[in-house]
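S.K.: What follows is a single structure, and I will ask about it in a moment.
Read the figures in this text as sums done on the coordinates, not as results from a lab. A quick note: this is a predicted structure, and the numbers were derived from the prediction, not measured. Glycine gets a Cβ as well: all are built from the backbone with ideal geometry, and neighbour counts include every protein chain shown.
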Amino acid sequence: MRDRPGSIKAFFWKVFIRARWLLSFSGKKGAEIGARTPDFRLQDLSGRSFTLSDSFPKKAIILWLTNLCSSCEERIPLLERIYEANRGRLEVFALSTLGEDRATPERILRTHRMTFPLLLDPGDWVGKTLGLSHPVGACPLYNLLVLDTAGVIRFKSHLSAIGDETFLDALRSVDAIAAESGFREEERYNKNGT
């Protein structure tokens, strides 16, 4: 019986990401908590431009730099629920780090009917500017940043490696969602946030 290559790859990345955090790789850690993010303007698949600073000071931001792997793709419904329930105080920007690949982002949009913008960053300008280096075809170790209404990074993690409650607590800490948000942690994630 042959394993599906996608599931093996997803498992490998989950193990790699967690091992890297546990081993505390030396070198650049990327965007630091408390640092202000640089402003940027990127386009979605239809050519519509989005500028990060247009959301400040009205909204907090979830910035998700992604290669749209299956592990992160599994988390899109959570992002969508959070976004839909908190549009007045929260913006979500998904940034494709897939270079010139447009087929994968188009498939993701069709499959998940995302209502938050999926922006193309073919040169990975945002990731490079934030110091979030990663191999070609992979997403950065810290691919999920929560920004407050001033554009300051208040939380960073990897979307596929974070538990729902830990993520929701980070959003509550910047008033991006109401303290009484009724989201519940899915059973497949541990209560300790991993």
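S.K.: Taking just the alpha carbons, could you work out the radius of gyration and Dmax for the range 31-173, both in angstroms?
M.R.: Every Cα atom of the range 31-173 included, Rg and Dmax give 13.7, 36 Å.
S.K.: Among residues other than GLU84 whose Cβ falls under 13 Å from its Cβ, what is the net charge (Lys/Arg +1, Asp/Glu -1)?
M.R.: +2
S.K.: Where nothing but the Cβ of Lys and Arg (+1) and of Asp and Glu (-1) is charged, how large is the charge dipole of the range 31-173 around its Cα centre, in debye to the nearest 20?
M.R.: Approximately 320 debye in magnitude.
S.K.: Now, a different point. Beta carbons within 10 angstrom, averaged per residue: use that to sort the peptides 57-68, 42-53, highest first.
M.R.: Most protected by this proxy first, the peptides run 57-68, 42-53.
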